[in-house]
Amino acid sequence: MSENSIDPRSGDMGGRAYGRQVGQPDEVLTKVGPGTPMGEYLRRFWHPVALSSQAGDTPRKVKILGEALILFRDGQGRPGLLYSHCMHRGTSLYYGKVENDGIRCCYHGWLFQVDGQCLEQPCEPEGGRRLQNARQPWYPVVEKYGLVFTYMGPPERQPMMPRFSHMETLADGEFYEVDNSGFGGYADANAPSVVPCNWLQDFENVMDPFHVQVLHSTFSGVQFSEKFVSMPRVEWSYTDEGVIYQAYRNLDEGRTLKRVNTVFLPNISAVPRVDASEGAAPGLGWYVPVDDYSHTTFWVSKVNRSTCGKLYRGLAMHNGKYWSELTEAEHQKHPGDAEAQVSQGAVPNHGEWHLATSDKGIGMVHRLLKNEIKKVQDGGDPIGANFDATREPIKVLSGNYYS
């Protein structure tokens, strides 16, 4: 035996990986397909599927909550979202032709409106004798904040589109800036829009203020702001719509930075400026499941000519490079959210986790989601599903505040 070898007969050999219990994902929280607990819960809300500018006369593939769909805008300007396979013989409508009244399948020419109603069957006698009985599966869509949203749940439980206090009005010269570059991108046009991990890994991260001090401020260097270098004192609490935290940092100049961050169920956040600029959060973010193993994000911010394209540009860059331009060695040496979260696995093994006091916000999000899933299973309506058109917009408190 060499002098560097370990004699198994001496010392404590506990903690080895051999024979370890393999943890399993929490499938109640991570599976999003039709019929799953989380999938049915998420289908009680409106979700963005694309930028409004992406809905045009060229059919666009969309995958959300495990379902493959086709997005288009007909000649009358109406957006439509249909099941991807033509009801006739299953050809993908991705190869269809968008016309004034809808989309026409390339195989036998069946024409469908944005609500799925079949208008023409040119190969059939009299152009289709039972057109009124032919309807392509479809989902309703609305446009708001420069995004296309869809509702995929039971028609009798369709809620109003949510409204948020800081987003409903635009000042003179303001407009909505939209982004779908993925959380590794930060306005990086070449970053992939689809992130290869479960949506919850990204959403729950919003309620983890301590990783800002470690990952974004000390481990990988200052990726956001020098003001986040100090360890915060954090208070979490539930709200009527989700979870909020207040993180306090004592700054060198004798001032205190209070950073307030919020998540709204089921999958929305209002994140303050990550450069620590003072003021309210500029917008909203949605964390939308593509399937069990991937997700995409949509960001909307209120901007003007001087701030357009600058709210996140340059953040989380290393040596002047965007995230998509970094080498593998640079990703390893200077990881960010993408590396930390995707490396948890396409679906994390929650059974292997050891949550600590700093993870209080994560536990609160998980518990709240499970409570709301149970509410839906019992026939109720989840918080955040509003059916009252006169209800006041959701009050948003997120922001960076100095004292």
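The values are calculated or read from the model by the stated rules, or taken from the named source; none is laboratory data. This is a predicted model, so every value here is computed, not measured. Please note: Cβ atoms are built from the backbone with ideal geometry, for glycine as well, and neighbour counts cover all protein chains shown.
So which pairs qualify, if the first residue must be in the range 103-123 and on the phi > 0 side of the Ramachandran plot, the second must be among the polar types (S, T, N, Q) and part of a loop (DSSP other than H, G, I, E, B), the Cβ gap must be under 9 Å, and the two must be at least 6 apart or on different chains? What qualifies is G109/Q121; G116/Q136. Scanning the range 148-181 for residues that are touching a Ser or Thr at 6+ places or on another chain (Cβ under 9 Å) and not assigned by TED's automatic domain parsing to the domain that holds A389 yields a count of 1. Considering the range 45-74, the residues that are of a type in the set (F, W, Y) and in a strand (DSSP E or B) include one that is nearest to the chain's Cα centre (by Cα), namely W46.
When R129 is tested against (1) within 30 Å of R163 (Cβ to Cβ); (2) in a loop (DSSP other than H, G, I, E, B), only condition (1) is not met. Within the range 247-271, restricting attention to residues that are in contact with a Lys or Arg (Cβ under 6 Å, 6 or more places away or on another chain) and surrounded by 18 or more Cβ atoms within 10 Å (Cβ to Cβ), the residue that is farthest from V288 (Cα to Cα) is L257. The residues on offer are P48, P79, P37, P25, and the sole one that is farther than 24 Å from S193 by Cβ and in contact (Cβ under 8 Å) with a residue 60 or more places away in the chain is P37. Taking the listed residues R44, R73, the one that is more than 21 Å from Q117 (Cβ to Cβ), charged (D, E, K, R) and touching a Gly at 6+ places or on another chain (Cβ under 6 Å) is R44, with no other qualifying.
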